[in-house]
1. Only residues that are in a loop (DSSP other than H, G, I, E, B) and either touching a Pro at 6+ places or on another chain (Cβ under 8 Å) or surrounded by 18 or more Cβ atoms within 10 Å (Cβ to Cβ) (or both): list them for the stretch 96-118, please.
2. Could you check residue 48 against (1) surrounded by fewer than 14 Cβ atoms within 10 Å (Cβ to Cβ); (2) touching a residue at least 12 places away in the same chain (Cβ under 8 Å); (3) over 20 Å from residue 102 (Cβ atoms); (4) not hydrophobic (A, V, I, L, M, F, W, C) and say which number it fails?
3. Every residue in the stretch 119-154 that is in a strand (DSSP E or B), among the acidic types (Asp, Glu) and under 13 Å from the mean Cα position of the chain (by Cα), please.
4. When the stretch 59-77 is examined, which residues are found to be touching a strand residue (DSSP E or B) at 6+ places or on another chain (Cβ under 8 Å), over 18 Å from residue 133 (Cβ atoms) and not charged (D, E, K, R)?
5. Quick one: count up the residues across the stretch 33-58 that are in contact with a strand residue (DSSP E or B) (Cβ under 9 Å, 6 or more places away or on another chain) and charged (D, E, K, R).
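Since every read-out is calculated from the coordinates, none of them should be taken as a lab result. The structure presented is a predicted model; accordingly, all values stated were derived computationally and were not measured. All Cβ positions, glycine included, derive from the backbone under ideal geometry; neighbour counts span all protein chains shown.
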Amino acid sequence: MSDRLAVGDQAPTFTLPDQSGQPVDLGGFAGRRVLVYFYPKADTPGCTTQACGLRDILGQVGDTAILGLSPDAPAKLAKFDTKYGLGFPLLADQDHATAEAYRVWVQKSMYGRTYMGIERSAFLVGPTGDLEEVWYKISPKDTPTKLLDALAAR
């Protein structure tokens, strides 16, 4: 898809409720790096692997913030966070407007049925709001490794 975001593009801004219902604004992280990652559904196997992998490297990312976004409601995100002790904001993109802005709300197909959903992807937003890394179709296991490699290269 030629309309995908690319390294050097300005990251689309957003303000979304976290697992506590409190608004989180991407602009509030100006001056820091932020991993913005999109996942399809809280507390499913791949999403749990991804979130727990990121939780396990929190001590290695310095002041880089991690924000997980899904279409789930804040209450479901709160249960997911509590169950696994994730320790970073999970944001509710229930109308998937932010997913659309990042070009990760796509047509998917499973068992012969087509539907719209999240394409698991991650974006490293730089201190000035530009995209330093773009990973569409990232695997759950690769997300923490790619983040650490990107940070080490800076």
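1. The initial filter retains those residues of the stretch 96-118 that are in a loop (DSSP other than H, G, I, E, B), namely 96, 102-104, 111-112.
The answer is 96, 102, 104.
2. Unmet condition: (1).
3. Initial filter on the stretch 119-154 (in a strand (DSSP E or B)): 121-125, 130-135.
Then drop every residue that is not among the acidic types (Asp, Glu), which leaves 130, 132-133.
Selection gives 133 alone.
4. Across the stretch 59-77, the qualifying residues are 70, 71, 73, 74, 77.
5. 3
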